[in-house]
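A.B. asks: Before anything else, here's the structure in question.
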Amino acid sequence: MSLSSPTKTRWFSDSDRKPAPVPFEPDVLIGLRDVSLRFLSYHDKQYSLKQAAVDMVLRRQAPPVASDFWALKNITMRIRKGDRFGIVGANGAGKSTLLRVLAKIYPPSSGFIQFRGNVAPLIEMGAGFNPELSGKENIRLNGAMLGFTRKEMDEKTDGIFEFTGLREFADLPLKYYSSGMYTRLAFAIASEVEPEILLIDESLGTGDAAFITKAKQRIKGLLDRSNAVVIVSHDMKALKEMCNRGIRLERGVITDGGPIDDVVNNYLDSIKAPRV
Amino acid sequence: MLPRLGDPHGTAKTMSQVSTSPASAPPVPPPHTEYFPAPAGPGIFRRWFEILAEDRRQLIRFWPVVQNMVSQELRVRYQRSVMGFLWTLLNPILMMTTLTLVFSQILDMRKEGYAIFLFAGMVPWTFLSGTINECAFCIISNEGLIRKIYLPKWIFPLTRVLINLVTFLLSMSALFFILGPLGARPTLPMLLLPVVVGLFAIFACGLGLAVSTANTFFRDCGHLVSVFLQAWYFLTPIIYEAKFLGAAQARLWLNPAYPFIKMFQTIIQDGLWPDLSTLAAAAGIASVSLGIGYVAFKSNEDKMVFRL
């Protein structure tokens, strides 16, 4: 069968069994060891049963893999307690993919990740929101997805409305919210639950200036409680302000790493952009 | 020899030392540590045991999500219409009225309590076909969620099963009262209905898991499924009685849905206890279905996100 898989869990064979992972040092919240991710794209992504049957009758190899590309190659990194981790790189360098791997959305093709703590992803604003439901119900639903019970979430609801200033819209279905309100609610939920690890992807772009300032303060507040934050952004100034460490990705490979100022400056120099 | 006999405690100590920590072993990680992907244990049985244990943990952790999704889906479905839940009853009532008229008046298959017979087979069947049809598309239609947030993927088929189960139970009890004037009476064997419904839901869940896996990789599967369900419907004695088939009746046992439907009909229409053998067959079929569905789903779970 050439439905090749990134991670194989075949019930009939355990020959591709991976060795037991070696733990990282105790202060590492997220550790990645040799994480690679391969995307296979097929000419016809919607491979059909009909076609499979025809292929089987004609003894053809199926389906042809159109392209096979490594979105991430041998990523090894450690994110420790108190790290504000910025990821920079050009479009298509694998930044968002890396974040999705950290959020457990994409299982790595090889290597492994070790987590210590609760991960709250803010990959895309309002992931898991149901537009038919009210703001309040969405807080419960989202909280449940992040691993909190209804009761725990009800206690946090006040704080969330306090922060977003959306209390008067609490019972309004989310589909009537503006995009800024949406963003605010999503950010407030993810940060109110106080995850040990918060992943943010470009999410500070929307929202007005006042909210962005508040959000930045809140991320700093999260750090004071010794959590880790991973931020992917093209806003170099914001990264310099909020992060202390960073890496640079190029075509799925880490090419630079260290204090955020150095990483950002090197990156800007290399693309011949003025420093910020 | 002698020291071991004389000092059992000393032996136990050395044994435990040997088994837990050779000098070169890596430091033991703190309790919350979690690996992704989860390391595979040695051996197939061990591996599946670990997968099951992991899913049990996940089920507890994500049960509120399932609860939320089910209750909210039901609410969204019903809150906008004044008649709410009654609308879901309309469909089976109309269907049963039509079929009763066609069969008892036009085709002249007059039979005592045909409406109740029809009800006993039709409502469970609607649950089965609804679940399978919805499960077929549940992974694909939740693409947005799957690509943005981590959730165990079995949540989606499970939610579909539960939503349909709730609708099934509600319409079952409501229709039963509606059919009161036609001779529907509560009987003692109905105490067994929860067991039968439970087994039937497990059966539907297994099929749903298998179909949702298949449809994620082969996109035309969903359409085949609905055609297949139509054929299956006519092969199952729902609108006709089993004895109508004459000698071919024995072959009905090849139909995995037959024991379930038969039990529903025996309990609801005849008011009798079903055979123990039928119950055993249903239990066996349900567990085989769930087993196959679960293994198929879990074996392909990791690949699904790449195929959306």
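A.B. asks: Enumerate the strands (runs of 3 or more DSSP E) found wholly within segment A:24-89, keeping only those where 1 or more residues are modelled with pLDDT of 75 or more, within 17 Å of the chain's Cα centre (by Cα) and surrounded by fewer than 13 Cβ atoms within 10 Å (Cβ to Cβ).
C.D. replies: In segment A:24-89, A:65-80 are the strands (runs of 3 or more DSSP E) which contain 1 or more residues that are modelled with pLDDT of 75 or more, within 17 Å of the chain's Cα centre (by Cα) and surrounded by fewer than 13 Cβ atoms within 10 Å (Cβ to Cβ).
A.B. asks: Would you confirm, using the coordinates I've provided, whether A:ARG17 is facing chain B (nearest Cβ under 8 Å) and modelled with pLDDT under 75?
C.D. replies: yes
A.B. asks: Name, by its number, the condition in (1) at pLDDT below 85; (2) crowded, with 17+ Cβ neighbours inside 10 Å that does not hold for A:GLY180.
C.D. replies: Checking A:GLY180 against (1) at pLDDT below 85; (2) crowded, with 17+ Cβ neighbours inside 10 Å, the one that fails is (2).
A.B. asks: Report, ordered by the first and then the second residue, all pairs with beta carbons closer than 6 Å, sequence separation of six or more or different chains, a first member in segment A:109-128 that is acidic (Asp, Glu), and a second member that is open to solvent by 20 Å² or more (accessible area, probe 1.4 Å).
C.D. replies: Listed pairs, sorted by first residue: A:GLU124/B:LYS148.
A.B. asks: Given the condition more than 30 Å from B:ASN300 (Cβ to Cβ) and surrounded by fewer than 23 Cβ atoms within 10 Å (Cβ to Cβ), answer yes or no: does some residue in segment A:91-111 qualify?
C.D. replies: Going through segment A:91-111, the residues more than 30 Å from B:ASN300 (Cβ to Cβ) turn out to be A:91.
Among the residues that remain, those that are also surrounded by fewer than 23 Cβ atoms within 10 Å (Cβ to Cβ) are: A:91.
Checked segment A:91-111: at least one residue is more than 30 Å from B:ASN300 (Cβ to Cβ) and surrounded by fewer than 23 Cβ atoms within 10 Å (Cβ to Cβ).
A.B. asks: Next up: So, in segment A:183-216, of the ones that are of a type in the set (Val, Ile, Thr) and modelled with pLDDT of 75 or more, which residue ends up surrounded by the most Cβ atoms within 10 Å (Cβ to Cβ)?
C.D. replies: The selected residue is A:ILE189.
A.B. asks: Collect the residues in segment B:136-173 that are surrounded by fewer than 17 Cβ atoms within 10 Å (Cβ to Cβ) and away from every other protein chain (no Cβ under 14 Å), keeping them in residue-number order.
C.D. replies: B:VAL166, B:LEU169, B:LEU170, B:SER173
A.B. asks: Still on this structure: Are there any pairs, at least 6 apart or on different chains, whose C-beta atoms fall under 6 Å, with the first in segment A:251-276 and within 23 Å of A:SER36 (Cβ to Cβ) and the second of a type outside the set (Asp, Glu) and open to solvent by 50 Å² or more (accessible area, probe 1.4 Å), and if so, which?
C.D. replies: From segment A:251-276, the pairs are A:GLY252/A:TRP70; A:GLY252/A:LYS73; A:VAL253/A:LYS73; A:ASP256/A:ASN266.
A.B. asks: Identify the single condition in (1) open to solvent by 40 Å² or more (accessible area, probe 1.4 Å); (2) assigned to a helix (DSSP H, G or I) that B:TYR233 does not satisfy, given that it satisfies every other one.
C.D. replies: With (1) open to solvent by 40 Å² or more (accessible area, probe 1.4 Å); (2) assigned to a helix (DSSP H, G or I) applied to B:TYR233, the lone miss is (1).
A.B. asks: Out of curiosity, is B:ILE178 more than 29 Å from B:PHE228 (Cβ to Cβ) and touching a strand residue (DSSP E or B) at 6+ places or on another chain (Cβ under 8 Å)?
C.D. replies: Numbers: more than 29 Å from B:PHE228 (Cβ to Cβ): yes; touching a strand residue (DSSP E or B) at 6+ places or on another chain (Cβ under 8 Å): no.
Against the criterion (more than 29 Å from B:PHE228 (Cβ to Cβ) and touching a strand residue (DSSP E or B) at 6+ places or on another chain (Cβ under 8 Å)), B:ILE178 does not qualify.
A.B. asks: So, one more: Based on this model, can you work out whether B:ALA184 counts as of a type in the set (A, V, I, L, M, F, W, C) and in a loop (DSSP other than H, G, I, E, B)?
C.D. replies: For B:ALA184, the condition - of a type in the set (A, V, I, L, M, F, W, C) and in a loop (DSSP other than H, G, I, E, B) - is met.
A.B. asks: State all residues of segment B:250-274 that are modelled with pLDDT of 90 or more, farther than 20 Å from B:ALA231 by Cβ and not in a helix (DSSP H, G or I); if no residue qualifies, say none.
C.D. replies: Of everything in segment B:250-274, those that are modelled with pLDDT of 90 or more, farther than 20 Å from B:ALA231 by Cβ and not in a helix (DSSP H, G or I) turn out to be B:TRP273, B:PRO274.
A.B. asks: Another one. Just to check your reading of the model, which residue among A:GLY147, A:GLY159 is under 30 Å from A:PRO26 (Cβ atoms), among the small types (Gly, Ala, Ser) and surrounded by fewer than 17 Cβ atoms within 10 Å (Cβ to Cβ)?
C.D. replies: Answer to the check: A:GLY147.
A.B. asks: Further, regarding this structure: Which condition does A:ASP171 not pass, out of (1) open to solvent by less than 20 Å² (accessible area, probe 1.4 Å); (2) over 22 Å from A:PHE115 (Cα atoms); (3) without any contact (Cβ under 8 Å) to a residue 40 or more places away in the chain, if it passes all the others?
C.D. replies: Result: A:ASP171 passes all but (1).
A.B. asks: Could I ask something else about it? What pairs can you find where one residue is in segment B:212-228 and more than 10 Å from chain A (Cβ to nearest Cβ), the other is loosely packed, with under 15 Cβ neighbours inside 10 Å, and their Cβ atoms are less than 9 Å apart, with a gap of 6+ or different chains?
C.D. replies: Pairs that qualify, where the first residue is more than 10 Å from chain A (Cβ to nearest Cβ) and the partner is loosely packed, with under 15 Cβ neighbours inside 10 Å, are B:THR216/B:LEU308.
A.B. asks: Further, regarding this structure: Considering segment A:112-136 alone, what residues qualify as being of a type in the set (Gly, Ala, Ser) and either surrounded by fewer than 20 Cβ atoms within 10 Å (Cβ to Cβ) or at the interface with another protein chain (Cβ under 7 Å from one of its Cβ atoms) (or both)?
C.D. replies: We begin by selecting, within segment A:112-136, every residue of a type in the set (Gly, Ala, Ser); these are A:117, A:120, A:126-128, A:134-135.
Within segment A:112-136, A:GLY117, A:ALA127, A:GLY128, A:SER134 qualify.
The values are calculated or read from the model by the stated rules, or taken from the named source; none is laboratory data. Keep in mind it's a predicted model, so treat the numbers as computed, not measured. Here the Cβ is made from the backbone with ideal geometry for all residues, glycine too, and neighbour counts use every protein chain on show. Heads up: the accessible areas ignore ligands, DNA and RNA and are worked out on the full protein's heavy atoms, side chains in. Shrake-Rupley method; radii C 1.70, N 1.55, O 1.52, S 1.80 Å.
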